[in-house]
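Data block below; observations after.
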Amino acid sequence: MSRGAEIAIVPMRAEHIDALMPYEREMFGAEAWTASGYRTELADTERRYYLAGLTGDELLGWAGVMVIGDSAEILTVGVIPAARRHGLGRRLLDGLLDEARRRGAVEVFLEVRVDNEAAQSLYASEGFAQVGLRPGYYDAGRVDAVVMHREL
Ligand SMILES: CC(C)(COP(=O)(O)OP(=O)(O)OC[C@H]1O[C@@H](n2cnc3c(N)ncnc32)[C@H](O)[C@@H]1OP(=O)(O)O)[C@@H](O)C(=O)NCCC(=O)NCCS
């Protein structure tokens with residue numbers, strides 16, 4: 001990551017997929033999406049919206065949301081290790097929440113691994129509260145998901 005460079009938040013495009021794939025596998029392991037899965041996600045512009053965080057043309061982070069009716073779901077948020085703890089995860093999440101609101105959502109849900117303290121802390125600081133638990137949601141039944149919710 002180039003130090004001190006401005007980070008632009010832009011709509012994610014198909015050309016960003018190759019750049020994120022190595023990080024996707026490293027961050028999400030067995031839950032990692034494929035490049036073709038991302039292409040399908042990006043093509044569904046009616047229900048989904050993805051953002052990328054870039055410095056120059058280097059991809060530092062990405063995030064996506066789905067809006068159906070008046071309810072939204074955060075689908076993914078990722079920041080590359082070298083760019084963490086500089087506010088990019090929060091900026092990406094805020095961008096998704098703004099777009100969900102603009103599309104008419106009044107509430108938003110997400111799932112996060114019970115052992116993912118960094119992400120839970122980000123979401124809690126953005127007003128999300130735990131509303132449930134999904135036993136065995138990740139890693140072939142080995143790891144539970146915390147379900148979090150906030151109004152928009
Ligand atoms: C979770 C993740 C997206 C956060 O991205 P980030 O750019 O580092 O987050 P930010 O710098 O915007 O941090 C915002 C807040 O989140 C919390 N947070 C972020 N990382 C944290 C950590 N390692 N430990 C504790 N709290 C953390 C803090 O409250 C932080 O605010 P602060 O820096 O003012 O204390 C990033 O760690 C990541 O990509 N992790 C791997 C993928 C992942 O787990 N995604 C979420 C799946 S549900």
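The values are calculated or read from the model by the stated rules, or taken from the named source; none is laboratory data. This structure is a prediction, so every number in the text was calculated from the model and none was measured. Because the Cβ atoms are built from the backbone with ideal geometry, glycine has one as well, and the counts that use them run over all protein chains shown.
General observations
- Here segment 75-93 is the region considered, the condition is being touching a residue at least 40 places away in the same chain (Cβ under 8 Å) and closer than 9 Å to G61 by Cβ, and the residue that is surrounded by the most Cβ atoms within 10 Å (Cβ to Cβ) is L92.
- Any hit, segment 37-48, residues being closer than 26 Å to V131 by Cβ, modelled with pLDDT of 95 or more and polar (S, T, N, Q): no
- Test result for D57, at pLDDT below 95 and more than 7 Å from the ligand (Cβ to nearest atom): yes
- Residue within segment 127-137 that is in a helix (DSSP H, G or I) and either closer than 13 Å to R150 by Cα or not β-branched (V, I, T) (or both) present: no
- Residue, farthest from the ligand (Cβ to nearest atom), within segment 108-132, restricted to residues that are loosely packed, with under 13 Cβ neighbours inside 10 Å and not small (G, A, S): V131
- A residue that is loosely packed, with under 12 Cβ neighbours inside 10 Å and either charged (D, E, K, R) or within 26 Å of A140 (Cβ to Cβ) (or both) can be found somewhere in segment 56-69.
- Residues of segment 115-124 that are within 15 Å of the chain's Cα centre (by Cα) and either polar (S, T, N, Q) or not in a helix (DSSP H, G or I) (or both): N116, Q120, S121.
- Taking segment 1-76 and the strands (runs of 3 or more DSSP E) fully enclosed by it, the elements with 2 or more residues that are β-branched (V, I, T) are at 8-11, 58-68.
- Among the conditions (1) of a type in the set (D, E, K, R); (2) touching an Asp or Glu at 6+ places or on another chain (Cβ under 8 Å); (3) more than 7 Å from the ligand (Cβ to nearest atom), R90 misses just one, which is (3).
- For segment 79-91, the count of residues that are assigned to a strand (DSSP E or B) and not small (G, A, S) is nonzero.
- Of the residues examined, D139 is one that is in contact (Cβ under 8 Å) with a residue 12 or more places away in the chain, among the acidic types (D, E), surrounded by fewer than 14 Cβ atoms within 10 Å (Cβ to Cβ) and on the phi > 0 side of the Ramachandran plot.
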